Every structure is written in structure tokens, then in C-alpha cells.
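One structure is given below, encoded as C-alpha cells.
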Ligand SMILES: [Fe+2]
């Protein structure tokens, strides 16, 4: 529970506040961009919700916050926000909320598919999500983009008898994963194409779904302020040059229309324009050394 005694001085007055336990993961800013902003060190409330829709978004942020750093001064009924998770972004693809501290608050996703549902990275293991996943037919496969965002994947795998997929070079974080991908070639597993994209970590992979949806972990995301895609230079743990090469490779996947990252913002592009965005990102990244 967030503590009013620890609330940040930057919060505007009103019901919602962020306290000093915030780790600046950015999840709240993505769920409620009209309410939560960034000081550079923390997230904070720059504007209280003005409408019912903004109130619901702020409540979702409170539930998604991995460190329970968001609070309200008055008791709030969070049931509607809770029931809205996992939140459908496009037909069949949901964002889970309940971001895990173990993955530094990365977003995770749930994909519904007649041949078996997939989880992309892992949210906190919560009763609510387990119940919803059960009602939607369980989880067949858990794709782990990389070693940082494994969180509670083992608990979900055990509960749902699901197969976890991770690359050998990042498998130290999930040694008992059911499928360990070797090598650098694309791997087809059911409806998912798994693409080897080292750079952020040595064994990072992304998931291409139905040719159109790209789940990018910490490899690639939308930068709203810069109006382009790219990667976080300050959060590249293996090799920036290798990461740029891995991004260049994404040009091959011309039909991508949506990018769903772990950290960073989601991005949508017009049909057939993805290679141009990738090219622009690569040029920019080469200038950031
Ligand atoms: Fe990461």
C-alpha cells in the first residue's frame, strides 16, 4: 500500500498520489497518460483524473504498479478496474496489468488462440489473473523475451502445465524452461515466429504473431517524445552495436503493424511502412553512441 506520509511533493493536490517507493518503471504513465507524468526519477500525478474514463485509467495504474507506490486519499472501489484486466488492445491480444517488480514493471501480454493461449513475459501471479486465464481456456505457451522479464512465469507454467520458451543464452533465468531455443535462426512454434534479437541481453528474442504483431520485450519500443521507434541506450546490458544489427534485421518483417514492448510505449504503424520506421530507428541509434 502506498503511504500518504511518503507522497512525492510533485503530486498535484487531489485523491491520487505517488509515493517515494516508485521505481520509475513507467507502467502508470502508459495506463493513464493524462494523469501520471515523470520527474526524471519518479512518476508523479501531474493532473488528477477529470472524467470517469481517466479515473478508471488511474485505477488501472494503481493496480498495475509493481511496487504499490500509487495510492488514493479516499477509499476507492477498484473492482471495475480489476475486472478490466487483462485489457484487450486489439482483438485477441490483451495487456495483463499487475506488472511484476521482478521484471522492473515490464508490461506482459495474453494472446488468445484456438490452438492454445500464449503469455508473453509474466505478470505477477495473482488470483484474479489466474481465474480469468482459466475462464479463457488456460495458458499453453509462455514466451519469455529475455532473462529480465521472467517474473512469476514458473508459477503460471506449473498452474497451467504451460511450456516456457527462452533462448539458451538467457536461460540462466529459467533453467527449467520446457523449450530452450538454440542458435540464431527464426524458430516457428505454433502460430508464433521467434526471432533472435541479441543486444539488450545476449539471448533476447522477440515474437512475431500472425505476421502483424511484434512483441519486442526490451528490444524496441515507441518513443512518443521523439516520434520514432528505438531502444534504451542506458538500459542496454550486452552490446549496443549488436542491438542495432538486431533491429536492422526487423526490416524483413514488412507486415508488422503493432509493436508491443515490455518497457516503453506500444506503437502502431500504417500497413507496409514498418521497414521505413526500422530504418529511421537504426539511423538514430547509430548517432547515439
Ligand atoms: Fe530487460
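The table below lists the values:
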quantity: The range 175-196, subset buried (at least 19 other Cβ atoms within 10 Å of the Cβ) and either away from the ligand (no atom under 16 Å from the Cβ) or modelled with pLDDT under 95 (or both), residue nearest to residue 251 (Cα to Cα); calculated: 195
quantity: So residue 280, is it modelled with pLDDT of 95 or more and out of contact with any strand residue (DSSP E or B) (no Cβ under 7 Å at 6 or more places or on another chain); calculated: no
quantity: Those strands (runs of 3 or more DSSP E) lying entirely in the range 197-273 with at least 1 residues more than 16 Å from the ligand (Cβ to nearest atom), over 28 Å from residue 174 (Cα atoms) and in the same structural domain as residue 115 (by TED's automatic domain parsing); calculated: 221-223, 228-230
quantity: Meets criteria (in contact (Cβ under 8 Å) with a residue 24 or more places away in the chain, farther than 27 Å from residue 230 by Cβ and not in a strand (DSSP E or B)) for residue 173; calculated: no
quantity: Unique residue being over 17 Å from residue 103 (Cα atoms) and touching a strand residue (DSSP E or B) at 6+ places or on another chain (Cβ under 8 Å) when the list is 221, 239, 246; calculated: 246
quantity: From 161, 147, residue being within 16 Å of the ligand (Cβ to nearest atom) and either buried (at least 16 other Cβ atoms within 10 Å of the Cβ) or assigned by TED's automatic domain parsing to the domain that holds residue 204 (or both); calculated: 147
quantity: Count of residues meeting criterion [buried (at least 21 other Cβ atoms within 10 Å of the Cβ) and in contact with a helix residue (DSSP H, G or I) (Cβ under 8 Å, 6 or more places away or on another chain)] in the range 20-41; calculated: 6
quantity: Qualifying positions in the range 178-199 - touching a helix residue (DSSP H, G or I) at 6+ places or on another chain (Cβ under 6 Å) and in contact (Cβ under 8 Å) with a residue 24 or more places away in the chain; calculated: 197, 198, 199
quantity: Where a residue in the range 43-66 is under 16 Å from residue 77 (Cβ atoms) and its partner, wherever it lies, is modelled with pLDDT under 95 and not in a helix (DSSP H, G or I), with Cβ under 7 Å and at least six apart; calculated: 59/76
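Quick grid of which residues meet (1) closer than 30 Å to residue 190 by Cβ; (2) touching a helix residue (DSSP H, G or I) at 6+ places or on another chain (Cβ under 9 Å); (3) at pLDDT 95 or above:
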position	(1), (2), (3)
59	no, yes, yes
79	no, no, yes
83	yes, yes, yes
97	yes, yes, yes
100	yes, yes, yes
113	yes, no, yes
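The values are calculated or read from the model by the stated rules, or taken from the named source; none is laboratory data. Here the structure is a predicted model, which means the values were calculated and not measured. Using ideal geometry, Cβ is built from the backbone for each residue, glycine included, and neighbour counts are taken over all protein chains shown.
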